[in-house]
Amino acid sequence: MENGPSLSIRVGDSAEPAATPRSFGERRRNRHGRGLRGPLLPAHLPGNLSRAERFESWVSDSAERLHYFWGDPIEAAQFVVADIPPNLEVLVARGDPAPLGSFTPAGPGRPAVVTVYRRPVEIAAHSREELPELVHEVVVEQTAHLLGVSPEAVDPGYGRS
């Protein structure tokens, strides 16, 4: 039997390393081996932004609009986006509504800060179309606290939508 063909099968050989688990991208089905051909949306389109990035751009747009109207009085103010207000659990436990924004006056060596809370504003908006308008109203209200005037004096279009 030395001259004939031979077949050898090894099962469970401990000398070979165990196969490493494949990542999700390798495991998922990829017909024809093409994969994703490119990004679904180009980076310059607004649909490519995350919800947080879109929200920050709305706050930035509102701040720029108010800076155009007011100029120097709000030049040094910072406009900040935070996800939730501090001590939200305490407010909810007391039954108080979550604030949509806050204002911190300027102090020695630090500027005034207008903070808009993203999640409470998103929850307060009745629709996606209303969200940019609500963001602008919150920015106007907190800027009114900064300037010590009414929101209607800060932006004449306040509350009309």
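All of the numbers you see were taken from the coordinates with simple rules; none came from a lab. This is a predicted model, so every value here is computed, not measured. Don't worry about glycine lacking a Cβ; one is built from the backbone with ideal geometry, like all the others, and counts go over all protein chains shown.
Quick notes on this one:
- Modelled spin-label separation between residue 149 and residue 106, with each label point placed 7 Å from Cα along the Cα-to-Cβ direction: 1.6 nm.
- Net length gained if the chain between residue 45 and residue 123 were fully extended (0.36 nm per residue, minus Cα distance): 25.6 nm
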